[in-house]
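To keep things clear, I will list the structure first and then write my remarks on it.
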Amino acid sequence: MTLPDIEQTCLELGDRLEAYLAHNNLEQPLLVGIRTGGVWVADRLQEKLQSADGVSSLDISFYRDDFTRHGLHPQVTGSELPDSIEDRHIVLIDDVIMSGRTIRAAMNELFDYGRPASITLVSLLDIGRRELPIQPDLCGARLELEDGQLVKLSGPQPLQLTLA
């Protein structure tokens, strides 16, 4: 399997996001990346969009539904969001969407900060295998992996994909 060029995929995704926001009249959205890979992708998209608010981040460790099974990740850093996201248009960004559970946890945390006007989901990669009915509004690339195979984004400079 040939993996996509991540920097080029980020550039194309930035162009598509800019067009999506304009088409849907979503002005001054808040870019929110899910730690850590989603923040790296959000930083790349921020370079294109030049959002006045920069990039906010979510650490969903306490919102995961597998928290009791796997425990807390040793590098919990906390979320960095404005005090309120009430009536804001949110662009929620993750590096890889698979089961949909990470996104569900991220949305639960977002609603603890307020009720956003809308949430647009952007994912760099979609590898399917959904367990929840959550789909990205925009996706950089779709990959079909073998059973048991995973893809990992490392970075932030440079962004690189590896298969495991």
Query raised in the report: Which of the residues spanning segment 113-128 are surrounded by 12 or more Cβ atoms within 10 Å (Cβ to Cβ) and either touching a helix residue (DSSP H, G or I) at 6+ places or on another chain (Cβ under 9 Å) or modelled with pLDDT under 90 (or both)?
Result: Pro116, Ile119, Thr120, Leu121, Val122, Ser123, Leu124, Leu125
Requested in this report: Would you check if there is a residue in segment 99-112 being surrounded by fewer than 13 Cβ atoms within 10 Å (Cβ to Cβ) and in contact with a helix residue (DSSP H, G or I) (Cβ under 6 Å, 6 or more places away or on another chain)?
Outcome: no
Query raised in the report: What number of residues within segment 37-51 are in contact (Cβ under 8 Å) with a residue 40 or more places away in the chain and surrounded by fewer than 21 Cβ atoms within 10 Å (Cβ to Cβ)?
Result: 1
Requested in this report: Give just the number: which of (1) surrounded by fewer than 18 Cβ atoms within 10 Å (Cβ to Cβ); (2) modelled with pLDDT of 90 or more does Asp147 not satisfy?
Outcome: (2)
Query raised in the report: Taking segment 19-36, which residues are assigned to a helix (DSSP H, G or I) and either surrounded by 14 or more Cβ atoms within 10 Å (Cβ to Cβ) or in contact with a helix residue (DSSP H, G or I) (Cβ under 6 Å, 6 or more places away or on another chain) (or both)?
Result: Tyr20, Leu21
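The values are calculated or read from the model by the stated rules, or taken from the named source; none is laboratory data. Note that the structure is a prediction, hence the values are computed from the model and not measured. For neighbour counting, all protein chains shown are included, and Cβ atoms are generated from backbone atoms with ideal geometry for every residue, glycine included.
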